[in-house]
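Inspection log for the structure reproduced underneath, given as structure tokens.
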Amino acid sequence: MQNFRCALVFFLSLFVFSVVTQISAAALPDPTEQLKPVIDKVVSLLKDTEFRKRPVVDQSEVIVKIVSERFDFREMSKRVMGKQWRTLSSEQQDQFIALFTKLLQYVYINQVDDYLDKKIEFIDQRIRRDRAEVKTLLVGQDKSIPVSYIMLLKKDTWMAYDIVIEGVSLIRNYMEQISTVLRDEKFPGLISMLEKKITKLEAGEKDE
């Protein structure tokens with residue numbers, strides 16, 4: 001009889017835990033619903049011929065202001081720097097965030113023509129506690145490109161901190177480049193490299 005009671009309590013506990021987990025998951029904000037309006041706004045703006053006539057600097061400033069609603073550039077910068085992040089002063093961290101954010105916005109603007117003829121489809125999402133992946137597809141006439149947004153829940157807001165394009169992580173890609181520069185030229189060399197890249201991108205040149 002005692003064993004039966006223990007088993008009953010055990011299964012009831014499992015049931016309660018399952019219900020609470022389902023309720024908690026249902027109570028979470030939807031990452032796709034939060035991300036989609038920002039992506040749609042950016043795409044609509046970039047298809048505006050009048051907007052595209054504006055200088056690259058102006059375009060990039062407008063775009064980064066919009067995407068900052070759902071992209072956490074500080075988290076991106078922290079992850080790109082890896083273990084080196086903790087060795088930087090707060091001033092150095094802020095300096096890197098500013099330059100890395102500017103680099104990303106120019107890279108995006110300079111490559112956007114390659115994607116404007118494609119339709120964006122939001123196809124799936126996965127949520128695990130405070131992490132989420134929103135899967136999209138850039139559908140073109142000849143090719144479809146999978147793009148995933150990796151997001152972190154902060155209070156009631158999902159913020160993207162990585163983009164995975166055709167299986168290649170933006171964070172991992174830049175992490176390898178930055179790690180090499182930091183090893184060979186230290187932080188001042190990294191800042192110099194970022195500034196040179198930004199200058200080229202401001203002039204409309206492609207990032208190497």
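Would you point out the residue of region 183-203, among those that are surrounded by 16 or more Cβ atoms within 10 Å (Cβ to Cβ) and within 23 Å of the chain's Cα centre (by Cα), that is nearest to Phe100 (Cα to Cα)? Spell out how you get there, then give the answer.
Of the residues in region 183-203, the ones surrounded by 16 or more Cβ atoms within 10 Å (Cβ to Cβ) are 187, 190-191, 193-194, 197-198, 201-202.
Going one step further and asking which of them are within 23 Å of the chain's Cα centre (by Cα), we end up with 190-191, 193-194, 197-198, 201-202.
Working: Leu190: 10, Ile191: 9, Met193: 11, Leu194: 7, Lys197: 10, Ile198: 9, Leu201: 13, Glu202: 14 Å.
Step by step, filter region 183-203, then rank; the result is Leu194.
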Q. Is one or more of the residues making up region 107-117 among the β-branched types (Val, Ile, Thr), closer than 22 Å to Ser192 by Cβ, in contact (Cβ under 8 Å) with a residue 24 or more places away in the chain and assigned to a helix (DSSP H, G or I)?
A. yes
(Q) If I ask for residues that are in contact with a strand residue (DSSP E or B) (Cβ under 7 Å, 6 or more places away or on another chain) and without any contact (Cβ under 8 Å) to a residue 40 or more places away in the chain, which ones from region 26-41 would you list? (A) none
Q: Could you grab the pairs with beta carbons closer than 7 Å, sequence gap of 6+ or different chains, first residue in region 52-81 and touching a residue at least 24 places away in the same chain (Cβ under 8 Å) and more than 21 Å from Pro37 (Cβ to Cβ), second one surrounded by fewer than 18 Cβ atoms within 10 Å (Cβ to Cβ) and of a type outside the set (A, V, I, L, M, F, W, C)?
A: Val56/Glu202; Val56/Gly204; Val57/Glu202
(Q) Can you pull out every residue in region 35-66 that is modelled with pLDDT under 90, in a loop (DSSP other than H, G, I, E, B) and under 21 Å from Ile120 (Cα atoms)? (A) Lys47
(Q) Quick check on region 157-178: of everything there that is in a helix (DSSP H, G or I), touching a helix residue (DSSP H, G or I) at 6+ places or on another chain (Cβ under 7 Å) and of a type outside the set (Val, Ile, Thr), which residue is farthest from Leu138 (Cα to Cα)? (A) Met175
Q. Which condition breaks for Arg126 when tested against (1) more than 30 Å from Pro29 (Cβ to Cβ); (2) at pLDDT 95 or above; (3) surrounded by fewer than 16 Cβ atoms within 10 Å (Cβ to Cβ)?
A. (1)
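Do we have Glu69 as modelled with pLDDT of 90 or more, among the acidic types (Asp, Glu) and out of contact with any helix residue (DSSP H, G or I) (no Cβ under 9 Å at 6 or more places or on another chain) here?
no
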Q: Output the residue which, of all residues in region 75-89 that are of a type in the set (Gly, Ala, Ser) and assigned to a helix (DSSP H, G or I), is nearest to the chain's Cα centre (by Cα).
A: Ser77
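The values are calculated or read from the model by the stated rules, or taken from the named source; none is laboratory data. The shown structure was predicted, so the numbers you read here are calculated from the model rather than taken from an experiment. Positions of Cβ are generated from backbone atoms using ideal geometry, with glycine treated the same way; all protein chains shown enter the neighbour counts.
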